[in-house]
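Since the structure comes first, as structure tokens, the remarks are kept for the end.
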Amino acid sequence: MILRRRAAQPSQPAPQHPGLLLHPATPGSGAEPRDGGGAPPRFTDGPADVLLRRLELTVRRRLDGLLQGDHLGLVPGSGSEAGDSRTYHPGDDVRRMDWPVTARTQVPHVRETIADRELETWAVVDLSASLDFGTANCQKRDLAIAGLAAVGHLTVHGGNRLGAVVTTGERLDRYPAMAGRLAAERLLRSVVATPRAASGRRGDLAAALETLRRPHRRRGLVVVISDFLGDSEWERPLRGLGTRHELLAIEVVDPRELELPDVGLLTVVDPESGQTLEVPTGDAEFRARFAEGAAAQREQVAAALRRAGAGHLRLRTDRDWLMDVVRFVADRRRAGSGGASR
């Protein structure tokens, strides 16, 4: 099982602070994922093509008709994003003169603008070793891929584009933003085929976020899918993205990261560092301290996301994740239209 605590000596059975990601050291000691209602497909169970088709049908069947609506531009008017330059013609608005190009070519040029009618969505997907874990309906990695599929289904229409940055700690893959359902399906297949991170390599969510900050891109939507475990170096680049883009953070959680069952003495290992620790889960006081520390850690993550101005959607491996998506989007729409929002 994956736990989040700072390393402690054997004589200190109850670690005090979050910071270490742990997993059972003995093969088969962790709870195996099982099929259940609302569970995304587990991509270790069969051919990826078949499982992706099953995921697509599930998303469409349960989201179509529930979250459909007109898509509004980000701002009204002729456009706000800078486009290509062209030669000046009499009658053009002189306020759109492109002076740098004019100076280089010695010919008057004006800068065209692009209307913000099409949404450009970038997904930052964290597939580090901490995501290769799950004790309920699926692994967190499968839930992250399912969240990406839902984002694609909700945003890719009307010429909207979807791109992704995938990080595992070992590699950083970038997929350009493209329009259309077929492009979104190809993107999803590429993300599924991303090799799992080797043990002993830490994820680097901050570096993945930095790739979207420089160079600047058209204003749009940035979706960050991660368990947000480990250090908080990701907060600063996320806040930087929030000054230009709308942000949505999808936090992937397993119930064993929030509370421990009473299973006696448990030996766990950190998949991102290889460090081992013996955890006395039979101690009720220890379990209470673990739950308190886990709750404090999750509150710190939620506070950091609020400071960045990001919407916060939490998906759990033991819940119907699609209904959580439906509730979240419906509440955001009610809040945006001035209606009541829970």
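None of the figures in this text is laboratory data; all of them are computed from the coordinates on show. Since the structure is predicted, the reported quantities are computational estimates derived from the model, not experimental observations. All Cβ positions, even for glycine, are placed from backbone atoms using ideal geometry, and neighbour counts span all protein chains on display.
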_Kirkwood estimate for segment 131-240, i.e. one over the average of 1/r between Cα atoms, Å_ = 15.0
*Beta carbons within 10 angstrom, averaged per residue: use that to sort the peptides 99-110, 228-239, highest first.*
228-239, 99-110
